[in-house]
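Before any comments, here is the structure.
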Amino acid sequence: SQQGEEDPQALSIQEGENATMNCSYKTSINNLQWYRQNSGRGLVHLILIRSNEREKHSGRLRVTLDTSKKSSSLLITASRAADTASYFCATDVLSGNTPLVFGKGTRLSVIA
Amino acid sequence: DAGITQSPRHKVTETGTPVTLRCHQTENHRYMYWYRQDPGHGLRLIHYSYGVKDTDKGEVSDGYSVSRSKTEDFLLTLESATSSQTSVYFCAISSGTIGANVLTFGAGSRLTVL
């Protein structure tokens, strides 16, 4: 069964606006990761946030993690048409190398 | 997709035939994974490997087998393909850094079972 669930399933915004996607998960985690998938391509790792971190930034990306609520959010600021893609959260549920469990993804469309 | 290649990229086959998908890496990573991606289901783990000849089942392993005889190659075999195995299959690799198990994905193999 899915560990992470992204919300919303789809999001459409204008270029220049901010995009926020949320991920909820069920069990305790070691870290949470976000990946992007362009149409017809493999997933690409964006950012990792550890369970003892609350916020992390990478360029126009901002990720927050609330372990008490078992949720994370991905904010993309000043969106561009090139940000159009599906975004997945993935949870590392145990320490070590347990395979990541992916959510179903949020499909983001950025309209120029 | 540097360092990881999947073959074939596209395949059409008939129900009941065996199919083998290959994942090849040049990164010398210890961990290799096979996921399938279907609309409405996201990515689901089929099998994974944590070393040569060391493999384990994932969430949706029924009807699939894997082999890893060399570090660089991880094969996924559908013993007798069914229409429910029509999907896009992704291979992924990781170095296995403790607490930072970041995956690098291949470009995917689209399989259609008629």
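On the stretch given as the range A:74-84, residues that are touching a Lys or Arg at 6+ places or on another chain (Cβ under 7 Å) and either polar (S, T, N, Q) or open to solvent by less than 10 Å² (accessible area, probe 1.4 Å) (or both) total 2. If you go through the range A:3-24 and keep only what is open to solvent by less than 20 Å² (accessible area, probe 1.4 Å) and closer than 26 Å to B:GLY108 by Cα, you end up with A:GLN3, A:GLY4, A:GLU6, A:MET21, A:CYS23.
Restricting attention to the range A:15-47, the residues that are assigned to a loop (DSSP other than H, G, I, E, B), facing chain B (nearest Cβ under 10 Å) and either at pLDDT 95 or above or at negative phi (or both) total 3. Pairs meeting the criteria (first residue in the range B:1-22 and at pLDDT 95 or above, second residue acidic (Asp, Glu), beta carbons under 8 Å, at least 6 apart or on different chains) are B:ILE4/B:GLU27; B:PRO18/B:GLU79; B:ARG22/B:ASP73. Of all residues in the range B:62-78, those that are open to solvent by 30 Å² or more (accessible area, probe 1.4 Å) and under 14 Å from the mean Cα position of the chain (by Cα) total 8. Tallying residues that are without any contact (Cβ under 8 Å) to a residue 24 or more places away in the chain and out of contact with any strand residue (DSSP E or B) (no Cβ under 7 Å at 6 or more places or on another chain) within the range B:85-114 yields 2.
Got at least one residue in the range A:91-105 being open to solvent by 10 Å² or more (accessible area, probe 1.4 Å) and more than 14 Å from chain B (Cβ to nearest Cβ)? So far as the range A:91-105 goes, no, none of its residues is open to solvent by 10 Å² or more (accessible area, probe 1.4 Å) and more than 14 Å from chain B (Cβ to nearest Cβ).
The values are calculated or read from the model by the stated rules, or taken from the named source; none is laboratory data. All of these numbers come straight from a predicted model, not from anything done at the bench. A quick note on method: Cβ atoms are made from the backbone with ideal geometry, for glycine too, and the neighbour counts reach across all protein chains shown. With ligands, DNA and RNA removed, areas are computed over all heavy atoms of the protein, side chains included. Shrake-Rupley method; radii C 1.70, N 1.55, O 1.52, S 1.80 Å.
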